[in-house]
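Colleague: To start, I am sharing the structure in question, which I have written as structure tokens.
The values are calculated or read from the model by the stated rules, or taken from the named source; none is laboratory data. No experiment lies behind these values; they were computed from the predicted model shown. All Cβ positions, glycine included, derive from the backbone under ideal geometry; neighbour counts span all protein chains shown.
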Amino acid sequence: MSIIKKINAALKSRDISCAELVGKYLDAIEQNQDLNAYITVTAEQAKAAADATDKRIAAGEDISLLDGVPMSIKDNITTKGIQTTCASRILEGHVPIYDAFVWRRLKEKGAVLLGKTNLDEFGMGSGTENSCFGPTLNPHNKAHVPGGSSGGAAAAVAAGLCAYGLGTDTGGSIRQPASFCGIVGIKPTYGAVSRFGAIAYASSFDQIGVLAPSAEDAAVVFDTISAYDEADSTCVEPGLRGGRAVKIDAEIKGRRIALIKECFNGLPEDISSAVMSAAKDYEKLGAEIIEVSVPGMTYALPVYYILACAEASSNLGRYDGIRYGHRTDSYLNINDMIMKTRTEGFGDEVKRRIMLGTYVLSSGYYDAYYKKAQNLRAEITDEFKKIFEAADVVLAPTAPSTAMKIGSRDDDPVKAYLGDILTVPVNVCGLPAINLPCGADARGLPIGMQLIGDKFCESLLFNMAHVFETACPQYSKRLHMGVEL
């Protein structure tokens, strides 16, 4: 049974009150502060929400699955009246005046917010080391990163410091930390979940998703947050989404799973073996495995970094010290003020990506880089369309390594960027993908694999993931640090 369903059953049977449950989670967060998973803990708001749930139960109301369930939100998703910083000094102390659509939906269901989780500044990074609040640690081994940029959420879920967390995925920022922390992470189809209230990094790539202990938990949350939002012009109306609803426990016999051969080139043996072993497990469950080729995979990483940095250069232009956020203390004129504010407020990685983006958009380089990258993006998208004419889903490794040691990539940003090579194609094409654990390396660090689906086929991904989890429970390594139900 999923953690959300366990909590729901315990609350309904009154085996535990929501106030007691929230108290346990807040105690666990306090006892595991060294993980640095949370930037802001919203204890008072959580207690108030818990009391409201207990009153509904006492009045005999039938509570929803998410009512009273303690959760977290990545600190680049806006929360009215609660500090939202993007882990950046330039937004330190910023308190939004509105809620993100996804949080508004969950709040309506009675969700209990425990706090805002740590991340790489503005979502730019893959280790949660680029945060002005310091790095988050991997609960499986505190000398290693939890992945990024949603590393705080992944660490919190893995350590039992919340039942589930909301994160964002621009180039792998949900799936890669889910892989490193041994949990489930769903990056939805672009347009399936409203981005209203998600502070932009790269607008044509960013997507809000869910990190959870199981596919069933992630599916419950996704069903709530994937409602149509007219305030987001990129959110697709349900009638236009297509796809076919698939029950989470449906049989997968006859499903065709594609392995992209380019995804296994140069892959470490332990990761390759774990993913191939999972493919054999799927075969035992009745699925058919086929091999395909996507030549455009070679170009997905440079395409992503050219376009994402270009969009970041534009999106982050709003942080000038005039409207909100940090402003330098002394300056000679407005130009000096803006320059000093941005120099002081942004971290090195954010500055690097702004400069890269400004360069590829500049006169003389736009056609050479930006325009070519957009053309290649269309070609890669077409290649994936052809795969889904022959297969139901794609099975691939999530990352080319397990969690690296903290500080091991400080002097080599290119090496860090190469770590995104297996996740960015999904964002380039706007496809849905889900990470789930499929083993561990010799050091006991989790190995993750991702199932990639055609657009708006999330229910099929949840089904394929849930059936695998149920049949192969040995891959899910539960930690006993936080709250146990």
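Colleague: Taking the criterion of being surrounded by fewer than 24 Cβ atoms within 10 Å (Cβ to Cβ) and on the phi > 0 side of the Ramachandran plot, would at least one residue in region 161-172 satisfy it?
Modeller: Within region 161-172, the subset surrounded by fewer than 24 Cβ atoms within 10 Å (Cβ to Cβ) is none.
No, because not a single residue in region 161-172 is surrounded by fewer than 24 Cβ atoms within 10 Å (Cβ to Cβ) and on the phi > 0 side of the Ramachandran plot.
Colleague: Here are some conditions: (1) out of contact with any Phe, Trp or Tyr (no Cβ under 9 Å at 6 or more places or on another chain); (2) over 30 Å from GLU251 (Cα atoms). ALA391 meets all but one. Which one does it not meet?
Modeller: Condition (2) is where ALA391 drops out.
Colleague: Being closer than 25 Å to SER88 by Cα and either in a helix (DSSP H, G or I) or in contact with a Ser or Thr (Cβ under 6 Å, 6 or more places away or on another chain) (or both) is the requirement here; does ILE29 meet it?
Modeller: On the way: closer than 25 Å to SER88 by Cα: yes; either in a helix (DSSP H, G or I) or in contact with a Ser or Thr (Cβ under 6 Å, 6 or more places away or on another chain) (or both): yes.
Yes, satisfied.
Colleague: To continue, here is another question. Just checking, does region 176-185 include any residue being crowded, with 24+ Cβ neighbours inside 10 Å, over 18 Å from SER2 (Cα atoms) and touching an Asp or Glu at 6+ places or on another chain (Cβ under 9 Å)?
Modeller: yes
Colleague: Continuing with the same structure: Quick one: count up the residues across region 403-441 that are at pLDDT below 95 and more than 16 Å from the chain's Cα centre (by Cα). Even if it seems obvious, please write down each step before you answer.
Modeller: Keep residues of region 403-441 that are at pLDDT below 95, which gives 407-419.
Retained after the next criterion (residues that are more than 16 Å from the chain's Cα centre (by Cα)): 407-418.
Of the residues in region 403-441, 12 are at pLDDT below 95 and more than 16 Å from the chain's Cα centre (by Cα).
Colleague: Kindly list, by first and then second residue, each pair from a residue in region 336-354 that is closer than 17 Å to SER131 by Cβ and touching a residue at least 12 places away in the same chain (Cβ under 8 Å) to a residue that is aromatic (Phe, Trp, Tyr) and assigned to a helix (DSSP H, G or I), limited to pairs with Cβ atoms under 7 Å and residues at least 6 apart or on different chains.
Modeller: Pairs found: VAL350/PHE122.
Colleague: If the requirement is being among the aromatic types (Phe, Trp, Tyr) and part of a loop (DSSP other than H, G, I, E, B), which of these qualifies: TYR331, TYR282, TYR299, TYR305?
Modeller: Values: TYR282 fails: part of a loop (DSSP other than H, G, I, E, B); TYR299 fails: part of a loop (DSSP other than H, G, I, E, B); TYR305 fails: part of a loop (DSSP other than H, G, I, E, B).
Answer to the check: TYR331.
Colleague: Of all residues in region 186-238, how many are farther than 15 Å from ALA465 by Cα and part of a helix (DSSP H, G or I)?
Modeller: So the first thing to find is which residues in region 186-238 are farther than 15 Å from ALA465 by Cα, and the list is 189-209, 221, 223-238.
Those still in the list that are part of a helix (DSSP H, G or I) too: 221, 223-225, 238.
Final tally of qualifying residues: 5.
Colleague: Considering ALA403, ALA416, ALA399, which residue is within 30 Å of LEU479 (Cβ to Cβ), surrounded by 19 or more Cβ atoms within 10 Å (Cβ to Cβ) and in contact with a His (Cβ under 6 Å, 6 or more places away or on another chain)?
Modeller: Details: ALA416 fails: in contact with a His (Cβ under 6 Å, 6 or more places away or on another chain); ALA399 fails: in contact with a His (Cβ under 6 Å, 6 or more places away or on another chain).
Just a single option satisfies the conditions, and that option is ALA403.
Colleague: For region 354-458, please list each of the helices (runs of 4 or more DSSP H) lying entirely inside it that holds at least 1 residues being within 24 Å of ILE290 (Cα to Cα) and among the small types (Gly, Ala, Ser).
Modeller: Numbers: elements: 372-390, 413-418, 424-429.
Per the criteria, 372-390.
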